[in-house]
Amino acid sequence: MKFLITLIFSLMLLPAQVKKEDHTPSAISVYWKTLEPKEKEIFLFSYLTQVYDTHQKMIDALGYGDVTTWYYDNRAELIYGIFDQVNQSGMREYIGWIDEYYKHEEFAGNSFDDALSFAFRFQQAAGETIWEKYENLKFGKIKPEN
């Protein structure tokens with residue numbers, strides 16, 4: 001009888017163990033998808049500028065301390081890298097990669113920083129097609145085009 005009760009109880013808990021994937025889109029991904037290409041360009045430039053300006057104001061107010069270093073490592077470093085590349089590739093390429101990122105349902109709930117990181121990595125990866133770029137990133141062969 002104990003065996004039967006244990007078996008039934010175990011089977012009742014089984015559905016609770018199944019990992020449920022919640023792909024609820026974030027507000028930023030929904031908003032991004034509603035923008036026209038020119039509006040996306042303005043939004044992206046504004047976002048990059050806001051992070052850059054915030055970092056510069058932190059340096060002015062706090063110097064190069066722990067908080068400023070954390071902000072640089074977790075937010076501004078990527079933005080500085082994108083600003084370095086934007087003159088060569090333009091905003092449209094980044095917008096295309098962000099669009100590609102948010103097309104995938106599993107990424108719809110992720111932050112805009114995640115989308116920017118994806119865009120930056122794929123923009124820099126060697127290869128002509130998305131598959132070639134993916135393979136090169138997968139095996140650590142990131143080669144800037146210039």
field: Among (1) modelled with pLDDT under 90; (2) surrounded by 14 or more Cβ atoms within 10 Å (Cβ to Cβ) - the single one ILE98 does not satisfy
entry: (1)
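Yes/no per residue for (1) at pLDDT 90 or above; (2) more than 18 Å from the chain's Cα centre (by Cα); (3) closer than 25 Å to GLU41 by Cα:
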| residue | (1), (2), (3) |
| --- | --- |
| ASP60 | yes, yes, no |
| TYR64 | no, yes, no |
| TYR71 | no, no, yes |
| GLY81 | no, no, yes |
| GLU93 | no, no, yes |
Every residue from the range 62-82 that is open to solvent by 50 Å² or more (accessible area, probe 1.4 Å) and touching a residue at least 12 places away in the same chain (Cβ under 8 Å): TYR72, ARG75, TYR80
- prompt: In the range 44-61, which residues are hydrophobic (A, V, I, L, M, F, W, C) and either open to solvent by less than 30 Å² (accessible area, probe 1.4 Å) or in contact (Cβ under 8 Å) with a residue 12 or more places away in the chain (or both)?
  reply: LEU44, PHE45, LEU48, VAL51, MET58, ILE59
task: State the number of residues belonging to the range 106-128 that are at pLDDT below 85 and either open to solvent by less than 50 Å² (accessible area, probe 1.4 Å) or assigned to a helix (DSSP H, G or I) (or both).
output: 7
query: Which condition number in (1) at pLDDT 85 or above; (2) farther than 28 Å from HIS55 by Cα is the one that TYR134 fails?
result: (1)
statement: Selection from the range 21-43 of residues open to solvent by 100 Å² or more (accessible area, probe 1.4 Å) and either closer than 16 Å to TYR101 by Cβ or at pLDDT below 85 (or both) yields GLU21, ASP22, TYR31, LYS33
statement: Over the range 57-103, the set of residues under 13 Å from ALA119 (Cβ atoms) and either small (Gly, Ala, Ser) or outside any helix (DSSP H, G or I) (or both) is GLY81, SER89, GLY90, GLY96
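The values are calculated or read from the model by the stated rules, or taken from the named source; none is laboratory data. Not measured: the values here are computed from a predicted model. Counting neighbours? That spans all protein chains shown, and the Cβs are built from the backbone with ideal geometry, glycine included. Heads up: the accessible areas ignore ligands, DNA and RNA and are worked out on the full protein's heavy atoms, side chains in. Shrake-Rupley method; radii C 1.70, N 1.55, O 1.52, S 1.80 Å.
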